[in-house]
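Participant: If you scroll down you'll find the structure; I have some questions about it.
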Amino acid sequence: YSSMIEGMRKGHIDIGYFGPLSYVLLKQKMENVEPFAAKLENGKPTYRGVVIGNVAAGVKQLSDIEGKTMAYGDVASTSSHLIPKELLLTKAGLKAGEDYEEQFLGAHDAVAIAVQNGNAQAGGLSKPIYEKLIEEGMIDENKVQVIDESDDYPNYPWAICTDLDQDLQEKIKNAFYNLDDEEILESLKAEGFAKIEDSDYDIIRNMVELLDVDLEDM
């Protein structure tokens, strides 16, 4: 995430695919960028995060994570850090570093594997990614279970540098909005793309404030 943000800030990237939180980080560092499209999944430009638990460790609900180790992905990840951390705080009153130990493993699949192997008793990641890991047989449902699921959050945004020629920007945006090539959509794991704007990610900014996350440290 950090290299993507720096690449766009320095003008090496004109269009980028960001996580919701990494987009918020980017917007804080540069004004001349805006989100314009998010992929549709199940007919909506949203997705959910899940908290998973190790079955053998007896982690069946959020409160069971107290005193245990919770695995997160990248520190700048929305669904593998912010969303599960908010669930633990708001639903179970658990704070990282006080009520449980947190560890950052960098990637969603690393979180799921760590929980399955018992290196962490619980973890947070994107629901679509977790379902894909189950489907591909990388995660055994007899060893790992979903113990909670978030509400809908705005999906990963495609963002564009607003310094680009206006006509070119419109052509790029319309190419996403009007895309109906099944082969391309399949490669992007999308049903299509919906229009989005900066204010759609205010919910992420509110989450950052609730969790007292210092964006400058990311």
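The values are calculated or read from the model by the stated rules, or taken from the named source; none is laboratory data. Please read these numbers as outputs of a predicted model, since none were measured by experiment. Note that we place each Cβ from the backbone using ideal geometry, even for glycine, and neighbour counts take in every protein chain shown. Accessible surface areas use protein heavy atoms only, side chains included; no ligands, DNA or RNA. Shrake-Rupley method; radii C 1.70, N 1.55, O 1.52, S 1.80 Å.
Participant: Who wins for biggest fluctuation among 45, 128, 84 in a Gaussian network model of the chain, springs between alpha carbons below 10 Å?
Facilitator: Between 45, 128, 84, it is 128 that shows the largest mean-square fluctuation.
Participant: Turning to a different aspect of this structure: With a 1.4 Å probe and every protein chain left in place, work out the accessible area per residue of the stretch 122-218 in Å², rounded to a whole number.
Facilitator: I get 59 Å² per residue for the stretch 122-218.
Participant: Between beta-carbons, use under 9 Å as the cut-off and find the net charge around residue 192, counting Lys and Arg +1, Asp and Glu -1.
Facilitator: So the environment of residue 192 carries a net charge of -1.
Participant: Select from 179, 117, 215 the residue farthest towards the positive end of the dipole of the stretch 113-218; place +1 on Cβ of Lys and Arg, -1 on Cβ of Asp and Glu, and compute about the Cα centre.
Facilitator: Of the listed residues, the answer is 117.
Participant: While we're looking at this one, here's another question. Quick one: net charge around residue 43, please, counting Lys, Arg +1 and Asp, Glu -1 for every other residue with C-beta under 13 Å from its C-beta.
Facilitator: For residues surrounding residue 43, the net value is -1.
Participant: For residue 149 and residue 182, FRET efficiency with R0 = 25 Å and r from the beta-carbon atoms, rounded to 0.05?
Facilitator: Efficiency, from the Cβ-Cβ distance: 0.30.
Participant: Where the accessible area of the stretch 25-104 is counted over protein heavy atoms with a 1.4 Å probe, how much of it, in %, is carbon and sulfur?
Facilitator: Result for the stretch 25-104: 42 percent of the exposed heavy-atom area is carbon or sulfur.
Participant: Assign unit charges at the C-beta atoms only (+1 for Lys and Arg, -1 for Asp and Glu), then state the dipole size of the chain relative to its Cα centre in Debye, rounded to the nearest 20.
Facilitator: So the dipole magnitude of the chain works out to roughly 360 debye.
Participant: Roughly speaking, what is the stretch gain from residue 34 to residue 191, that is 0.36 nm per residue apart minus the C-alpha to C-alpha distance, in nm to one decimal?
Facilitator: Result: 54.3 nm gained on full extension.
Participant: Find how many whole Å separate the alpha carbon centroid of the stretch 1-69 from the alpha carbon centroid of the stretch 78-139.
Facilitator: So the separation of the two Cα centres works out to 13 Å.
Participant: Another question about this same structure. Count charges around residue 150 for me, please; just the other residues with Cβ under 15 Å from its Cβ, Lys/Arg as +1, Asp/Glu as -1.
Facilitator: -2
Participant: So which GluC sites (Glu not before Pro) in the stretch 96-175 pass both tests, a DSSP loop state and at most 15 other Cβ atoms within 10 Å of the Cβ?
Facilitator: Taking the stretch 96-175 and a limit of 15 other Cβ atoms within 10 Å, the loop GluC sites (Glu not before Pro) found are 98, 136, 141.
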